[in-house]
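Here is the structure we will look at, set down as structure tokens.
The values are calculated or read from the model by the stated rules, or taken from the named source; none is laboratory data. Since the model is a prediction, treat every value here as computed from it, not as a measurement. Here Cβ is always computed from backbone atoms with ideal geometry, including for glycine, and neighbour counts include all displayed protein chains.
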């Protein structure tokens, strides 16, 4: 009888710890950030590429795709470029960045399990000198969390 009680108590403890860890995980903000190259096709239509800046295409601007993997809405308040470590982690911020297709500026709320594409103003993109220092794109949330994305688009943009 004592062994059965111990086994049931241990199972209850294990399930309790598992549920506690799951509830902590469910309360975290989780965003996926991907840098994008954005091209205007005409008639207000755009094409994007998450992996590279294709040769032979005229780049309209750079932006990022933000996917909210959290179980709740998240407010996005600031975006831009993060520079490499040798620059004291300075940033180039884009206060006039807007959601592609709607033109809505930041801040915005992004619902759970949805994605938005944010485009940087083309006339505000950095000069050649600053391009070389870019490490990634970033998004800053209203709850003071930051998420970063880098890859082929950033590497191509730095050397374009």
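Observations on the model:
- Number of residues in segment 84-115 that are buried (at least 18 other Cβ atoms within 10 Å of the Cβ) and more than 16 Å from the chain's Cα centre (by Cα): the value is 0.
- Lone qualifier among 39, 46 - being at pLDDT below 85 and under 20 Å from residue 124 (Cα atoms): 46
Conditions tested, residue by residue: (1) touching a strand residue (DSSP E or B) at 6+ places or on another chain (Cβ under 9 Å); (2) within 20 Å of residue 160 (Cβ to Cβ); (3) surrounded by 10 or more Cβ atoms within 10 Å (Cβ to Cβ).
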| position | (1), (2), (3) |
| --- | --- |
| 10 | no, no, yes |
| 16 | no, no, yes |
| 66 | yes, no, yes |
| 76 | yes, no, yes |
| 80 | yes, yes, yes |
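- A count restricted to segment 137-160 and to residues that are buried (at least 18 other Cβ atoms within 10 Å of the Cβ) and closer than 24 Å to residue 74 by Cα stands at 7.
- The strands (runs of 3 or more DSSP E) located wholly in segment 61-151 that include 3 or more residues which are touching a helix residue (DSSP H, G or I) at 6+ places or on another chain (Cβ under 8 Å) occupy 134-141.
- Count of residues meeting criterion [in a strand (DSSP E or B) and under 14 Å from residue 150 (Cβ atoms)] in segment 27-55: 6
- Cβ-Cβ under 8 Å pairs, at least 6 apart or on other chains, segment 37-53 side at negative phi and without any contact (Cβ under 8 Å) to a residue 40 or more places away in the chain, far side exposed (fewer than 10 other Cβ atoms within 10 Å of the Cβ) and not in a strand (DSSP E or B): 39/58
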